[in-house]
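Step one of this worksheet: look at the structure below.
Computed from the coordinates by the stated procedures, all read-outs in this text should not be read as laboratory data. Owing to the predicted nature of the structure, the values given are computational and were not obtained by experimental measurement. Methodologically, a virtual Cβ is constructed for each residue, glycine included, from the backbone with ideal geometry; neighbour enumeration extends over all protein chains shown.
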Amino acid sequence: MASEDEFDDGMLVTGFALGPANFGIDARAVLEVVKVGEMTHVHGAPQGVVGIRNLRGRIVTLVDMATHLGLGAVELGPENRLLIMEHRGDCYGFLVDAVGDAIALAQDRIEPPLANLDPALLGKLQGIWRDTDRVTAILDPQALFQWDESSGTNGIA
Amino acid sequence: MDDNDALLKAFVEESREHLATIEADLLVIEEGGADINEDLVNKVFRAAHSIKGGSGFFGLENVKQLAHKSETVLDMLRSRKISPNAEITNVLLAAFDQLRVMINDTRGSESADIADLVAGLTSLSSAHAPAAALAPALPGVAASHGTGAGTLNPGGGPTSLGNAAATVDTCAKPDWRATSGEKLPWFVPTAADLEKARARAKYVYRIHCDLIEDLENKGRDLAGFFHDIGTTAEILDCALDTGVIGGLENAPADRVPAQLVIATVLDPELIPALFAFLPADRIEFLDGPHPPAPPWVSTAAVTTAAGPIKAAGPGPGSVDIENARNGLPKPSSPKPATASSVEDTLRVNVALLDTLMNLAGELVLSRNQVRAAVAQGNGAMLASAEQRINQVTSELQDVIMQTRLQPINNVFAKFPRLVRDLSRSLGKEIILDVQGKDVALDKTLIEGLSDPLTHMMRNAVDHGIESPEERLAAGKASAGTVRIAARYDAGQVVVEVADDGKGLDPQRLSDAALRKGLITAEKLLGMSDGDKQALIFLPGLSTAKQVSDVSGRGVGMDVVKTNLDRLGGQVEIISLVGKGSTFRIKLPLTLAIIPSLIISAANERFAIPQANIEELLRLRPEDIKMRVEVIGDRDVLLLRDRILPLAHLVDIIGAVSTYVDPLTRRVEIDRRVRVADRRSPHHKLAETPLEATVPAGPAIPTFKRGAGDRRRGSVSSLEIAVVNTGVMTYGLVVGTFHETEEVVVKPLGRRLKHLREYSGATILGDGTVALILDIPGLAAKGGLVPLSATTRAQELAVDAEALRAQDTHTLLLFRNGPGEHCALPLDLVQRIEQIKPAQVERLGNRRSMQYRGNSLPLVALSDTAQVDGIEQEENLVVLVSSANGHEVGLLGCMPVDVIEDKIDIDQNTHRQKGITGSALVRGHTTLIADLYELVDSVFPEWGAPREARRAHTKSEQITVLLAEDSDFFRAQVKKYLEEDGFKVLAAPDGEAAWDLLSANTEDVSIVVTDIEMPRLTGLGLAARIRADERTSKLPIIAVTSLAAEEDVARGKAAGITEYQAKLDREQLLASVHSLAVLKGNTHAG
């Protein structure tokens, strides 16, 4: 796997925006990026779940990435995209403001996240990537699927 | 997933399949006793063996050890060294149970404690060991199997090997090995391996070689050797002679003799090519589709295991190890076991798969056709393609559904064991009758059924069937019968769990419920035996005298019911004390594709399964006030003679109700909180629908706007789906009905699975997603309770408690003149007509109007009472009613409204002819009209027949006991009765009525009672009257304003003779007359 990458210790991340902030997530975790499309609202869903949609016959649970990271909510607009990811057999679409370029980065140059961040966000970060002119927060794909206990999916499912 | 994981998974699945059938087989074997069903024993043996083999490969030592021990015992059974009995079966069953646990959790299996089981199995085999040694037949059988796996795992050598080793040592060796003079533990391929090879039409060979001599010395490397073999053959087993190699102190060994058993498609003529470096006699033919022709095949090895048949020579018989060893006919190849219910893989009939392939091909063809048609713009061709696709799709759907159908035996199969174990531990004799094993159900349903059915079976054995002594004492056979049967019935599957035991004792159930505070004594009085039996579904009710570990854990039937509800199943109880109980479950055939009604609400579309839908209603604004009432704090729907709870979908799911403003075309928030609010404070909704729907706030942002959401044209109509959960029926107010569709159920993701109101999602024709509503889940979320029967009585009792001080009345408010507020009980009003003053015709002092082609007599309050005349008013209304068998209209004027409230009616202050009393309604003193009195005085001639009846009644001296808690109604009904010549004894509640009756048993000829009363309800009173022999034959009429079907049935069961509406004087009197006269003829006199 890794040998196909350009650098042995390199990593390709999919960049995306939430408001003014830049984020990135391991590109291997992102199955595809799609437009928002027709979504169906699910009343009673836990906070952050904005609805469901059909993706080639699969039901995708749509999660507002901003809400999920404790950064407010994604505003609906034409640049909105869904990062489609899979976790334990379920298909998720993370709603983000916009998707940018893929960034190739060297793993050993990822800095630890700033400790003054909101702990909820901090727990989901793998590190910070500084390029010449911008800072990208790299998300930990695994931590992304740890849901806030209070938002109500535990126990029953 | 790496290869090993995949292999392990395959092993686990295969083992599960083996285990799934073992239990039933063991039970059959036990039943057979000494008369061993050898096919079955072999089958179980093979299963244990293959589990043992696989577990050794994966290093699952515990599994291996247990499987091996079981195998040993089975082998002794097979060779008739021991005969099956309960003890052996128990130990084996326990061992296989543990195996199942460990197989399902391979990681944890190593830490499992199997010491007891191993000891149990060992003691079984060792206890019979002397017998084994003495048995003349076929020594060393167990050993030869032990070695198969044991050779590769020197540490795991089982104890029974000791016996084996000796046997092996004495056996003849093949020629080429004789020179070595060393011991090599010979082995034969296992029966299972041979079986498998045979099934695949493969040849099985044993290869004798020496790793040093034949390989190393010839410059071949070991890995290459195995790889070469692996490409064309399957290595079934392999053994090295480690004895030859010796210890460290010895000189380095110059040979490592080895044996391989391989299965391959290469026939005996081709096989030497694979082992070109070996002399031909090192290849030994063991088994294959065709007997070997070449004379070079050595038979020596065969004889090592099957000494006694050595003389049989190299014919086919001698190579059939299995047969040789046991002298058995060749076992038929094992039927593939059906997958157990909890797996995520499914076995599918190959024929079905072929059909699917064909259909897929058809689909591709059709797609091509569509492409061509589109390219050419050929409409006709497109139409034909569409037709074809349609056909293929439905067939495809059908076939795919079939692949999901599994025999219910997947669940039933475990019951023989369950019943056997339970009855044994409880000391009961039970015959299990299983029917309809082949009934196929959707896989999801099969999985969901397992727990509820198990529980019901446990209940039947534990609580249902009596002990043999009890049974004999009751004149029954000492052995009880528990029957579980499945059958198809009208598109559903019916599963029945029945026993011929003691039945459900309604008294004990109700006592238990009472003791645990699950039900009030008052409520119990009104319950029939069937109701009391249904109490078993109450959470927390367990009637087991002793809480056993079997089923008396206080959780149970309520969980069963909940589980069945979730599956869309319904359960009913048929039980007779002393005779037995039957629990009947009705289930849909499948859950994967369900016909559904698509509806929309709150700008989303939803699917409601058709199976839940009873009927669809559209209430026009003018119907709403007639059909929607408030009981307690809930809306209820009056549907024919039923009262159903009414719920708003948007309220339950927490969406904001919206509508499209017809003027601005914007989506607006619907502020109507409750349906029933529409008719208050002003009954104007019908004319000005938007008055109550204040357009406010910004338009709700929506992602999608269903076309059906426009409510223009029927702005305030209500669309109601009457839905059934299996336990209750309720009305669900939805936005708009759309079409019905067959929807494919797709599960929601983990983040949404906990939402009980949705059972899944489906993709609609336009590609968008609709949620599928879970009708029972919605009811639970909305806090809906069945208004039927007991629950409703309870609700009403609570309400009644709060309202005790005052009676609730439903009144139609109207004006007699601008300042005169009047009211008429709503029950009496059939219709309201708006008329013009000119329509009123006068003939002398009587009025009438043309109405529906007839002349409708009209009365006004001013005809008898000191109130203003009404003719001068402009906006007249006629309240159409009937009295003395004639249709009659009461004149009033607008505005008209309906109020349902606690109203204290003063029957003195304003009492005059035609006015029964007055009440303070919304700050106005309101006169309550007495229509009957009014009509009697205006049209006295209508009363003639009644007069005759009255004279008759008077002469008969008939006494009526009247129980009614509402002062107003009591006074009204008393008056009617007295006017008709009856003598009336009136009581304000059931207790008082009973006291009166007890004091006057001789006089009272008939009882008229309200249902809901403090202290003792009408049903309770009825039950008491029926129970007392002095009064048991008295006719009882129940008067009620609302009578649901269930209530009528319940009333009948409690002893109510007839139901009558409270204020329908004619009907009530007619009924009292006929019943009292009947009574007079038969009793009094």
- Query: Hey, what did the range B:409-588 get for relative contact order, percent, Cα under 8 Å, at least 6 apart?
  - Reply: 24 percent
- Within 10 Å of each Cβ of B:754-760, how many other protein chain Cβ atoms are there on average? 4
- Sum of side-chain charges, B:Ile775 neighbourhood, beta-carbon under 12 Å (Lys, Arg +1; Asp, Glu -1): -1
- Note on the structure: Length-normalised contact order of the range B:371-452, Cα under 8 Å, at least 6 apart, in percent, tallies to 35 percent
- Item | Part-to-part distance (alpha-carbon centres) for the range B:887-908 and the range B:754-786, which is given in Å | 43 Å
- Item | 10 Å binning of all Cα-Cα separations within the range B:382-474, expressed as whole percents from 0 upward | 14, 31, 21, 14, 9, 7, 3, 1
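Highest mean first, what order results for B:1008-1015, A:14-21 on Cβ atoms within 10 Å?
Numbers: B:1008-1015: 22.6, A:14-21: 17.8.
Ranked from most to least packed, the peptides come out as B:1008-1015, A:14-21.
Considering every Cα-Cα pair within the range B:796-938, what fraction, in whole percent, is farther apart than 21 Å? Could the numbers behind the result be given before it?
Details: 4225 of 10153 pairs.
Every Cα pair in the range B:796-938 considered, those over 21 Å come to 42 percent.
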- R0 of 25 Å, Cβ-Cβ distance B:Glu900-B:Ala971: FRET efficiency to nearest 0.05: 0.80
- Message: Can you classify the range B:741-782 as rounded, prolate or oblate using the Cα gyration tensor, where a ≥ b ≥ c are the square roots of its eigenvalues, rounded means a/c under 1.5, and otherwise it's prolate if a/b beats b/c and oblate if not?
- Response: oblate
- Item | Where only C-alpha atoms are counted, convex hull volume of the range B:861-975 per residue in Å³ | 132 Å³
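Just round it to a whole percent: the fraction of Cα-Cα distances in the range B:885-936 exceeding 16 Å.
50 percent
Hey, got the average number of other protein chain Cβ atoms within 10 angstrom for residues in A:49-60? Before the final figure, lay out each step's value.
Working: counts 4, 1, 6, 11, 6, 10, 2, 2, 4, 3, 11, 2.
For this peptide, the per-residue mean of nearby foreign Cβ atoms is 5.
Of all alpha-carbon pairs in the range A:33-106, indicate the percentage at a distance above 21 angstrom.
Details: 649 of 2701 pairs.
When all Cα pairs of the range A:33-106 are counted, 24 percent exceed 21 Å.
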- Query: Over the range B:425-490, what per residue volume does the convex hull of the Cα atoms give, in whole Å³?
  - Reply: 106 Å³
- Query: What net charge is computed for the residues neighbouring B:Leu359, neighbours being all others with C-beta under 11 Å from the C-beta of B:Leu359, Lys and Arg scored +1, Asp and Glu -1?
  - Reply: -4
- Query: Can you pull the three principal axis extents for the Cα set of the range B:942-1082, in Å, largest first?
  - Reply: 38, 31, 25
- Would you please classify the overall shape of the range B:409-588 from the alpha carbon gyration tensor, given that a ≥ b ≥ c denote the square roots of the eigenvalues, rounded means a/c under 1.5, and beyond that prolate means a/b larger than b/c while oblate covers the rest? oblate
- Amide H of A:Gly127: which non-local residues (sequence gap of 5 or more, or other chain) have their own amide H closer than 5 Å, using H built in the peptide plane? A:Ile138
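With a sphere of radius 11 Å drawn around the Cβ of B:Glu470, what net charge do the other residues whose Cβ falls strictly inside it have (Lys, Arg +1; Asp, Glu -1)? List each step's numbers first, then the result.
Values: positive: B:Lys428, B:Arg471, B:Lys476, B:Lys502; negative: B:Glu466, B:Glu469.
Charge balance in the 11 Å sphere: +2.
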- Task: Calculate the radius of gyration of the Cα atoms of the range B:350-403 to one decimal place, then report Dmax, the largest Cα-Cα distance, as a whole number, both in Å.
- Result: 12.6, 40
- Message: Given points 7 Å out from each Cα along the Cα-Cβ axis, report the B:Ala951 to B:Arg911 separation in nanometres with one decimal.
- Response: 2.9 nm
- Item | Cα gyration tensor, the range A:2-142 - rounded (a/c under 1.5), prolate or oblate | prolate
